[in-house]
Amino acid sequence: MPAWLKFSITLIAGMALYLFSMTSMASGQQASDRIRIGVDPTYPPFSSLGDAGQLQGFDIDIAKALCHEIGKQCTFVQQDWEGLIPALRGGRFDAIISSMSITAKRRQLVAFTNRYYRTAVRYVSRKGSGFDPENPANRTIGAMQATVASDWLEENLENASAIQLFSNSQELFDAIGSGQVDALFGDAIGFEKWLEVNAGEFEFVGDEYYLDEGIGIALRKEDEDLRLLLNGAIQAILEDGTYASINARYFDFDLYGIR
């Protein structure tokens, strides 16, 4: 083979290898600048779809603020509630910012950041129903499936058949509205917003229960660097007023603190 041909082949191969390397580096850089957020958009005012189909709510705004703080672009991936942790572990997205309670049970599967808010769980029943949280015998109670509320009911109620589980908050509210269940047990803040427009018919009953360590961002256990980065970002938006500004869009009380 002529020397000039060998040189040409070597040069072309070298250029191809260089271009491939640069493309790979650019692709890697692009991926590192993006964080994919898993969210179940059926939980207003934390996450829902607007009239034009856009994601909105407290969780969405917090996610955007955190991504801005760490210099990454947020992309949101919609996922049903029960599928969030399996999809995270399977690599469909990088973090869950969807009002997920930090619990010992979930820590077996995923890692969590520090909390970014705190909420209690409470009972709701129809006014005048006589529902007694201390004696719920012969009453049917509705809760969101795969939540701290449903776990607590299943562990503490003697009559497990009295528990009915639902996949989203709208199904839950429809169930008590139609009389399918006698009471609801779940997130007090989510119930509070619903009661603002249904206070004539329904009310809180009984005490507040704190059943978790707060609401945090779930990540794969191996993504420790990202967890620490987000912890720093949570602290930063708490200190610079960003968190308070987002909080005020949705609530007239401090969501981060314990009420």
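To the nearest 20 debye, what is the magnitude of the charge dipole of the stretch 36-149 about its Cα centre, counting +1 on the Cβ of each Lys and Arg and -1 on the Cβ of each Asp and Glu?
Roughly 300 debye for the stretch 36-149.
Explain nothing, just the number: dipole magnitude of the stretch 170-259 about its Cα centre with +1 on each Lys and Arg Cβ and -1 on each Asp and Glu Cβ, in debye rounded to the nearest 20.
It works out to roughly 240 debye.
Highest mean first, what order results for 190-197, 144-151 on Cβ atoms within 10 Å?
144-151, 190-197
Amide H neighbours of residue 34 under 5 Å, at least 5 residues apart or on other chains, H built in the peptide plane: list them.
Under 5 Å from the amide H of residue 34 lie the amide H atoms of 73, each far enough along the sequence or on another chain.
Taking H as built 1.01 Å from N, whose amide H comes closer than 5 Å to the amide H of residue 120, not counting residues under 5 places away?
Close amide H contacts, sequence-distant or interchain: 188, 189.
Dipole of the chain (Lys/Arg Cβ +1, Asp/Glu Cβ -1, origin at the Cα centre): which of 39, 111, 73 lies farthest to the positive side?
About the Cα centre, the residue reaching furthest to the positive side is 73.
With every protein chain left in place, what is the accessible area per residue of the stretch 135-212 in square angstrom, probe 1.4 Å?
48 Å²
Ratio of alpha-carbon Rg to the 2.2 N^0.38 Å globular estimate for the stretch 87-220, to two decimals, please. Could you put the intermediate results ahead of the total?
Details: Rg = 15.5 Å, N = 134, 2.2 N^0.38 = 14.1 Å.
Dividing the Cα Rg of the stretch 87-220 by 2.2 N^0.38 Å gives 1.10.
Relative contact order of the stretch 54-137, please, whole-number percent, based on alpha carbon pairs below 8 angstrom and at least 6 residues apart.
Contact order relative to length: 21 percent.
Which value, in Å³ per residue, describes the convex hull spanned by the Cα atoms of the stretch 171-259?
Numbers: hull volume 12.6 nm³, N = 89.
That works out to 142 Å³ per residue.
Given an 8 Å cut-off on Cα distances and at least 6 residues of separation, report the relative contact order of the chain as a percent.
25 percent
Which one of 145, 87, 195 is farthest out on the positive end of the charge dipole of the chain, using unit charges on Cβ (Lys, Arg +1; Asp, Glu -1) and the Cα centre as origin?
After comparing all options, I get 87.
Hey, if you put +1 on the Cβ of every Lys and Arg and -1 on every Asp and Glu Cβ in the stretch 156-259, which of 161, 179, 219 ends up farthest toward the positive end of that dipole?
219
Sort 222-228, 156-162, 40-46 by packing, meaning the average of other beta carbons within 10 Å per residue, with the highest value first.
Answer by packing, highest mean first, reads 40-46, 222-228, 156-162.
Report, to the nearest whole %, how much of the accessible area of the stretch 123-214 belongs to carbon and sulfur atoms, 1.4 Å probe, protein only.
Numbers: 1830 of 4420 Å².
Within the stretch 123-214, the accessible surface is 41 percent carbon and sulfur.
Listed highest first by mean packing, meaning other Cβ atoms within 10 Å per residue, what order do 180-188, 106-114 come in?
Averaged packing, sorted descending, gives the order 180-188, 106-114.
The values are calculated or read from the model by the stated rules, or taken from the named source; none is laboratory data. The model shown is predicted, which means the values in this text are computed figures rather than measured ones. Positions of Cβ are generated from backbone atoms using ideal geometry, with glycine treated the same way; all protein chains shown enter the neighbour counts. Accessible surface areas use protein heavy atoms only, side chains included; no ligands, DNA or RNA. Shrake-Rupley method; radii C 1.70, N 1.55, O 1.52, S 1.80 Å.
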